[in-house]
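The values are calculated or read from the model by the stated rules, or taken from the named source; none is laboratory data. It should be emphasised that the depicted structure is a prediction, and the values quoted were computed from it without experimental measurement. Protein only, heavy atoms only, side chains kept; ligands, DNA and RNA dropped before computing areas. Shrake-Rupley method; radii C 1.70, N 1.55, O 1.52, S 1.80 Å.
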Amino acid sequence: MSNRELVVLGTASQAPTRHRNHNGYFLRWDADGLLFDPGEGTQRQMLLAGVTASQITRICVTHFHGDHCLGLPGVLQRMSLDRVAHVLEAHYPAKSQEVFARLRHASLFHDTLALTERPVHSDGVVTEVPSFRLEARTLSHPVPTVGYRLVEPDGRRMLPGELAARGVTGPDIGRLQRTGRLSVDGQLVTLDQVSEPRRGQRFAFVMDTRLCDAAFELADGADMLVCESTFADADAGLARDYGHLTAGQAGRIAAESGVRLLVLTHISQRYEPRSAQQLLGDAAAAFGGRIVLGADLDRIAVPKRARRR
Ligand SMILES: [Zn+2]
């Protein structure tokens, strides 16, 4: 099992269907658990997917249309019920702060949650922890909306063969990683000789938006891009009118941004039950990489870091 994976909780847009719950995405990233856009029914989908309330460390909401946030009251109350002790951070567009406050207190419950609100006021870095930097960009939708991305810092991958050839073993390996150089039997060994650059993993989350520069910026170099594709290309006029993307546009974002895995989601109910496959075809016409048409309860590993020397 990968340390970093996407658990898809829901994939419907405006209205849930027999096959698709409202949005909901849980990203496991080492010890962190990020819940994106909990739509209605997220608490129960978590149960079905084996995601517990205590695994959530951070909630990121792109905007406050119901399909992206009506699950917040249930999830927050469940975290309180389960006596989750760690601090939960919540990010959302600052302009909609009062909507968050309403959802937070939508019903009466014994509130023990240690919740820190960190609304997104402007584009850029939202927060930084050792394993990732969380960034946000303003998207183009009729209400205040932001997209997110996680960027792991670049590092170096140790090369066992090179280490062995130079006689670097045991605690000396850690010492070399910390100091960058080491003397072994009178010979200088540098970190560059025994390691190669390792690009940090990237995850991008682009929800409701028209095609805009911010979507490309968020997707730039992403190992996994979760992207709304509400409409098929044949319905591009509707996408334009309602501030959404077509599957072909999602493919174009992936292609032009060097994405490795594209996950299509936020599917309009008009494509139920079978014609959603046409969305895959539209995206594939624009993007030659791997594409997954998201389904509820899918577990999708973040692709391993690409090796490049
Ligand atoms: Zn939506």
- For the range 231-282, projected area of the alpha-carbon convex hull averaged over all directions, nm²: 3.6 nm²
- Within the set 37, 185, 172, GNM on the chain using Cα springs under 10 Å gives the largest fluctuation to 185
- Message: In Å², and per residue, what accessible area does the chain have when probed at 1.4 Å with the other protein chains present?
- Response: 45 Å²
- Query: Where does the chain land at 222 nm, in deg cm²/dmol rounded to the nearest 500, when only DSSP H runs of n ≥ 4 count, each adding -39500 (n - 2.57), divided by all residues?
  - Reply: -7000 deg cm²/dmol
- What would the Debye formula give as log10 I(q)/I(0) at q = 0.16 Å⁻¹ for the alpha-carbon point model of the range 150-196, no solvent? -0.40
- Comparing 294, 24, 200, which has the greatest mean-square fluctuation in the GNM of the chain with Cα pairs linked when under 10 Å apart? 200
- Roughly speaking, what is the stretch gain from residue 104 to residue 83, that is 0.36 nm per residue apart minus the C-alpha to C-alpha distance, in nm to one decimal? 5.9 nm
- Roughly how large, in nm² to one decimal, is the mean projection of the convex hull of the alpha-carbon atoms in the range 38-110? 4.7 nm²
- Nearest 10 degrees, 0 to 90: helix 247-256 Cα axis against the chain principal axis: 20 degrees
- Task: Could you grab the Rg to Rh ratio for the chain? Cα atoms only, Kirkwood for Rh.
- Result: 1.04
- Item | Residues whose placed amide H lies under 5 Å from that of residue 133, excluding near-sequence neighbours | 151, 152
- Query: Could you state the principal axis extents of the C-alpha atoms in the range 255-309, from the largest down, to the nearest angstrom?
  - Reply: 46, 26, 13
- Task: Give me the orientation-averaged projected area of the Cα convex hull of the range 206-293, in nm², one decimal.
- Result: 4.7 nm²
